[in-house]
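A.B. asks: One structure is given below, represented as structure tokens, and several questions about it will come after.
The values are calculated or read from the model by the stated rules, or taken from the named source; none is laboratory data. These numbers were taken from a predicted model, which means no experiment stands behind them. Heads up, the Cβs are rebuilt from the backbone with ideal geometry, glycines too, and the neighbour counts pull from every protein chain shown.
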Amino acid sequence: MTELSRRRFLQGTLNGGVVTVALPFLNCFLNENGSALASGVPIPMRFGTWQWGLGMSEAIFVPKKTGPNFDLPAEIAALAPVQEHINLYTNFHVFKDAAPNICHHSGWVVLRSGIAPMTRENRPGETIDVTVARKIGNSTRFRSLSATATGDVRDSYSYENGNSVTTPEWSPIRFYQRLFGTGFQDPNSQTFTPDPAVMVRKSTLSAVLDDTKKLSKTLGIEDRSRLDQYFTGLRDLERRFELQLKKPDPREACVVTAEPADLPSGLDAYLVAKRHRMMTDLMLMAVACDQTRVFNMFYASANSATIKPGYDKPHHTATHEEAVDEELQCQPNVSWYTRRAMDEWAYYVDALANFSEGDGSLLDNSFIYATTDQSFAKIHGIEGIPMFSAGTAGGLVKTGLHIDGDGSPGCRLGYTAMQLMGLDIQSWGDRSNNTSDAISEVLV
């Protein structure tokens, strides 16, 4: 039998230009396990983040048992169906050093950037998803994607720098149109026709890039730095044009569904949950179609304004005004909000785990990093902020574990994640948050 590879192409011409069409995704392209291509190239590794707001009630959130088969206190009882797919990390600390504890800001910024911010407007460094996307996100249509279930475009926990905050998708119908509308190339289509308009745009952009290089030589250091940032954006746009002019590799898991109905605005907890699930399903299809390999889902903002039907205080207000019930060991309504967040974390993990790909699932080929902004929001606590991970990163991670960090930096989980994604870094984080200590208990 003649040896085939997915890089075997059919060739033809279109308007005088060469068109290459990849062969369909054949069984002979897979290895014996169906987990990698016959050439030895693995199914792509993916990295995701998930964010919820306002922490936890420690007494009914943190398990008494560490390691495998940990107990599920009341606030995380919803995780029972996905416990085998996740790891829970508690007693890891965020250190502010000389910076102030900026309410609902310091915690998530440190866990996502490794650096304590000095002001609320300060977003130091870049978030972990941006760093990882530079490594694994350059061969897809979107280097990364972000979505929020709050319906508010301002609720973002991803940034390249203080002046470049990632704009999340906030509407299911807008998200669908961006993913599968104009510019989408079905990777499993038998035909491929390059868009002539993209050819023209790429040609025009090439001329702009040449002019940018010439201009850079005439500028001062500060202006050259600004121009370099602009140039980086243009190069990313050029990369996206190049990808649109090539037929994407076949992806057996990519099955595009019908356009969803849009949702009304609002922060009713059940509406937020519905929006979260719709956005999750769209995001995972984008991943399955290999439109991105880095993705963020924001369930709630750091100062969450989610509303409980029949209760007069939104989540954030309740954390400060509701009394702690000594018998229940929590603020009852605040705990209700946390439990709804855990419902949605369970949905998110379950959706990944049940999305078939190769001989496994999307979750098998992913590592998800889930964070919040506080430990106990009533006092703006940042020590012991809980974190989760989900997925085995292609078999590199053990799951189903509760890890006690013993007061070590929470940045250890971010550092571990970046190592799993293949980044060549010796440490991550600033000052007391700096670490070169991966969480070895979860590594295979």
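A.B. asks: Exactly one of (1) basic (K, R); (2) out of contact with any helix residue (DSSP H, G or I) (no Cβ under 7 Å at 6 or more places or on another chain); (3) under 29 Å from R251 (Cβ atoms) is unmet by R431. Its number?
C.D. replies: For R431, the exception is condition (3).
A.B. asks: Identify the single condition in (1) surrounded by fewer than 24 Cβ atoms within 10 Å (Cβ to Cβ); (2) part of a helix (DSSP H, G or I); (3) under 15 Å from the mean Cα position of the chain (by Cα) that A77 does not satisfy, given that it satisfies every other one.
C.D. replies: Result: A77 fails condition (3) only.
A.B. asks: Within region 325-334, which residues are of a type in the set (A, V, I, L, M, F, W, C) and surrounded by fewer than 16 Cβ atoms within 10 Å (Cβ to Cβ)?
C.D. replies: Selection gives L328 alone.
A.B. asks: So in region 45-74, with the set limited to residues that are more than 21 Å from R123 (Cα to Cα) and among the small types (G, A, S), which one is surrounded by the fewest Cβ atoms within 10 Å (Cβ to Cβ)?
C.D. replies: This residue is G67.
A.B. asks: Kindly indicate whether any position in region 419-429 is in a helix (DSSP H, G or I) and assigned by TED's automatic domain parsing to the domain that holds T306.
C.D. replies: So the first thing to find is which residues in region 419-429 are in a helix (DSSP H, G or I), and the list is 419-420.
From what is left, the residues that are assigned by TED's automatic domain parsing to the domain that holds T306 are 419-420.
There is at least one residue in region 419-429 that is in a helix (DSSP H, G or I) and assigned by TED's automatic domain parsing to the domain that holds T306.
A.B. asks: Follow-up. Exactly one of (1) surrounded by fewer than 22 Cβ atoms within 10 Å (Cβ to Cβ); (2) closer than 21 Å to P81 by Cα is unmet by T338. Its number?
C.D. replies: Among (1) surrounded by fewer than 22 Cβ atoms within 10 Å (Cβ to Cβ); (2) closer than 21 Å to P81 by Cα, T338 violates only (1).
A.B. asks: Now, a different point. Which residues, counting only those in region 86-102, are in a loop (DSSP other than H, G, I, E, B), in contact with a Gly (Cβ under 8 Å, 6 or more places away or on another chain) and within 18 Å of A116 (Cα to Cα)?
C.D. replies: Those that are in a loop (DSSP other than H, G, I, E, B), in contact with a Gly (Cβ under 8 Å, 6 or more places away or on another chain) and within 18 Å of A116 (Cα to Cα): F92, V94.
A.B. asks: Okay, moving on. Restricting attention to region 405-444, which residues are surrounded by fewer than 17 Cβ atoms within 10 Å (Cβ to Cβ) and touching a residue at least 40 places away in the same chain (Cβ under 8 Å)?
C.D. replies: Within region 405-444, D406, G407, S408, G422, L423, R431, S432, N434, E441, L443, V444 qualify.
A.B. asks: Additional query: If you check G429, G395, G384, which single one turns out to be under 23 Å from L72 (Cα atoms) and either in contact with a strand residue (DSSP E or B) (Cβ under 6 Å, 6 or more places away or on another chain) or not charged (D, E, K, R) (or both)?
C.D. replies: G384
A.B. asks: Among (1) touching a Gly at 6+ places or on another chain (Cβ under 7 Å); (2) in a loop (DSSP other than H, G, I, E, B); (3) farther than 19 Å from P409 by Cα, there is one condition T119 misses while meeting the rest; what is its number?
C.D. replies: (1)
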